[in-house]
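This report concerns only the one structure given below.
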Amino acid sequence: MQSTAPADRKSPRPGDPDFVFDLQSAEYDRDPYPLLRALRERAPIFWWPESQAWYLTRHADVVAVLGDDATYTADRRHWNHYNAPSEAELAHPVVRLQASNILSLEGREHTRVRKLASMALTRRAVRNLEPLMRDLADELIDAFVERGSCDFVRDFAWSYPVMIVSRLLGIEPNSERERSFRVLADLDGVTFSPMVSREERQRALDQMAIHLEAVRALMEEKRGKPGDDLMTDLIRAEAEGERFESDEIIALILSIIAAGGATTAQSFGLGLIELLRHPEQLALFRDDPSVRLDASHEIARYQMPGRFSARYARHATRLGEHALEPGQMVICSVAAAQRDPALVDDPERFDIRRKPADTSVFGVGRHFCIGAQLARLELATGFAHVLERLRGVRLDGDFDAIPYGGNPAVRGPLGLPLRFEPGRRIRAH
């Protein structure tokens, strides 16, 4: 089997001699699901030669690997591969910082950091983030609504999630720090991707090191002058006499920026495309506030921006009928798993009334996303304002003309031209 470009519905399938596989092709960016379905049906545990990795597409396999911390780890220092980080790369200050990431930590350290992070994020949630989200949505929409047209990706989707994270952390709008957050949101996934070279990772790490100084400076500023913000909450967080180390705070903020930036931004673009393709669902979302949180989950299930979740075998093991060597990468396609008929009935149907079958769209076990509640609320609140204020919203052009792309970690539309009639600000529901 060869692997370099995914297939559309007429392309070769797994097992064919000319089958090729590429998670970053234009075809995959536009619609990965025909390929993922073919893999799930014909090669659910697929050996990907170019990445020297096992690629999983069945829900049961994906959940089993992501939930088995004794056999698999997210710590890339275990990766045994020609493209694995060199000793010099592992010594890079950003890589050392990422080792304090909640995803990479294990055992007692993971439990301690997760408990502290959950305390701080819960405190923010208790203080009710929805008014902030409504205000920021209105602020962005006010800038273009009277034109009757916009590029949704440029004018809303790419700005809204980063603005929310910035305000949560106590950062001034349109500041250099907020611009640094945008760069970090785009680059973090590059450094974890098996699909980029060491040289590309090195360039990304060097750029991140520069922009992470903005996070470090903010932390030191909040130590001296606490505020009513998440950064201050993280500094003050304490559980059973334990507190955060400085690098743990910065690593956590980086995770929040990455997840709350590029990933959520692409969810807005992909989600609006599906709502526009399904006008009855769009009307339901706009008119019935009771469906919005579940709708946010369905959007994430049906159109996942993330390309992969990687794990590494801690020791020799077996995956189905296949033997794994220590350090081999296992790539879990959560996107494919979310459309597995074993998980949900009629998985190819987009239905915002659907109740979540499980929470694996936001992670599994100890690594369940601590920001899942925040992400769902962002999508629910953002879409509510967009659909209410952009009356009669419609695509300005053909669906086939929408450009797609992304970075090595996420995919989504690069632009989304809309036309609409201006609507007034809405009251809180």
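For the reader, a short list of remarks on this structure follows.
- Condition check for Ala26: under 30 Å from Pro347 (Cβ atoms), more than 25 Å from the chain's Cα centre (by Cα), of a type outside the set (Lys, Arg) and modelled with pLDDT of 85 or more: no
- Residue ID - surrounded by the most Cβ atoms within 10 Å (Cβ to Cβ), chosen from residues in the stretch 275-303 that are of a type in the set (S, T, N, Q) and under 14 Å from Thr264 (Cα atoms): Ser296
- The set of residues from the stretch 240-277 being among the acidic types (Asp, Glu) and either in contact with a His (Cβ under 8 Å, 6 or more places away or on another chain) or modelled with pLDDT of 80 or more (or both) comprises Glu245, Asp247, Glu248, Glu274.
- Residue match in the stretch 372-386 (condition: under 17 Å from Thr264 (Cβ atoms), in contact (Cβ under 8 Å) with a residue 60 or more places away in the chain and surrounded by fewer than 17 Cβ atoms within 10 Å (Cβ to Cβ)): yes
- Any hit, the stretch 396-404, residues being aliphatic (A, V, I, L, M) and surrounded by fewer than 14 Cβ atoms within 10 Å (Cβ to Cβ): yes
- Pairs are defined by a Cβ separation below 8 Å, a sequence spacing of at least 6 or placement on different chains, a first member in the stretch 97-126 that is part of a loop (DSSP other than H, G, I, E, B), and a second member that is at pLDDT 75 or above and surrounded by fewer than 14 Cβ atoms within 10 Å (Cβ to Cβ); the pairs so defined are Ser100/Glu245.
- Helices (runs of 4 or more DSSP H) (entirely within the stretch 161-269) containing at least 1 residues that are of a type in the set (Gly, Ala, Ser) and in contact with a Lys or Arg (Cβ under 6 Å, 6 or more places away or on another chain): 198-224
Yes/no matrix, rows are residues, columns are (1) in the same structural domain as Val386 (by TED's automatic domain parsing); (2) closer than 23 Å to Gln338 by Cα; (3) β-branched (Val, Ile, Thr); (4) touching a Ser or Thr at 6+ places or on another chain (Cβ under 8 Å):
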{"site": "Lys225", "(1), (2), (3), (4)": "yes, no, no, no"}
{"site": "Ile249", "(1), (2), (3), (4)": "yes, no, yes, no"}
{"site": "Gly261", "(1), (2), (3), (4)": "yes, yes, no, no"}
{"site": "Glu274", "(1), (2), (3), (4)": "yes, yes, no, no"}
{"site": "Leu282", "(1), (2), (3), (4)": "yes, yes, no, no"}
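- Residue within the stretch 338-358 that is touching a residue at least 12 places away in the same chain (Cβ under 8 Å) and not in a loop (DSSP other than H, G, I, E, B) present: no
The values are calculated or read from the model by the stated rules, or taken from the named source; none is laboratory data. The structure displayed is predicted, hence computed values, not measured ones. Cβ sites come from the backbone with ideal geometry, for glycine too, and all protein chains shown count toward neighbours.
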